[in-house]
1. I'd like the FRET efficiency for Arg97 and Ala188, computed as 1/(1 + (r/R0)^6) with the beta carbon distance as r and R0 of 22 Å, rounded to 0.05.
2. Give the order of Thr159, Thr7 when sorted by the count of other beta carbons within 10 angstrom, beginning with the fewest.
3. Can you quote the Å³ per residue value for the convex hull of the Cα atoms in the chain, rounded to an integer?
4. To check you understand DSSP bridge types, tell me what percent of the beta bridges within segment 5-187 (both residues inside) are antiparallel, rounded to 5.
5. Which order results if Asp40, Asp94 are arranged by neighbouring Cβ count within 10 Å, fewest first?
6. Which ordering of Lys139, Lys190, Lys168 is given by a fewest-first count of other beta-carbon atoms within 10 Å?
7. Select from segment 1-88 those GluC sites (Glu not before Pro) which occupy a DSSP coil region and have at most 16 other Cβ atoms within 10 Å, ordered by residue number.
8. If you stretched the chain out fully between Ala181 and Glu87, how much longer would it get, using 0.36 nm times the residue separation minus the C-alpha to C-alpha distance?
Amino acid sequence: MDLSPETLLSAYMQGIFPMAHEDGRIYWYSPNPRAILPLDGLHVSQSLRRVLHRGAFDVRFDTDFAAVIAACAAPAPGREQTWISAELQRAYVDLHRLGFAHSVEAWQGAELVGGLYGVSIRGFFAGESMFSRCRDASKVALYYLVQHLRARDFRLLDTQFQTAHLMKVGAVEISRRRYLALLRQALAVKTAFN
């Protein structure tokens, strides 16, 4: 399968993204409905506010993208299989080198304890995956991602599929038609992640 940066970027700009199945084959997806997290709709619980106030994590951007995607791809309790194959990891690392894939990382000292990564094109960010090795680490990374995107006038944070966790933080489902309209608007915005 062609996972060149050009192919991946073209797919994302059309509302399509890849995922590997258990058999190792990669398929393209454009779900309907589609989950997004409105940038003005992030729900921050009181407990997360306390964690943020304590400054329990050192949050960094793009300091160890490869480690973040490897952690997202690693099996975890309740998620023994992953859609992030070695082939996909290499493709996203290539996108990162070109400035189109980014990580948000939660650190405690020298230890990477949580984070997320995704693809950024103009005013659009597709959140791909997150991981947490300690309580609240991925939530803190998501909070900082939303603040970062808002400060840079991003318009669309795509979370692809709805999950119970994403629903709690404010993600909503919209039709593919509505999603594609929002995507077009976001891609028209002249901004950048960095």
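1. FRET efficiency, Arg97 to Ala188: 0.30.
2. Going from least to most buried by this count: Thr7, Thr159.
3. Here the figure is 113 Å³ per residue.
4. Here the share of antiparallel DSSP bridges comes out near 90 percent.
5. Asp40, Asp94
6. Lys190, Lys168, Lys139
7. Glu22, Glu80
8. Length gained, Ala181 through Glu87: 30.8 nm.
Here, each number is a calculation from the coordinates, and none is a lab measurement. Only a predicted model underlies this, so the values are computations on that prediction, with no experimental measurement involved. Heads up, the Cβs are rebuilt from the backbone with ideal geometry, glycines too, and the neighbour counts pull from every protein chain shown.
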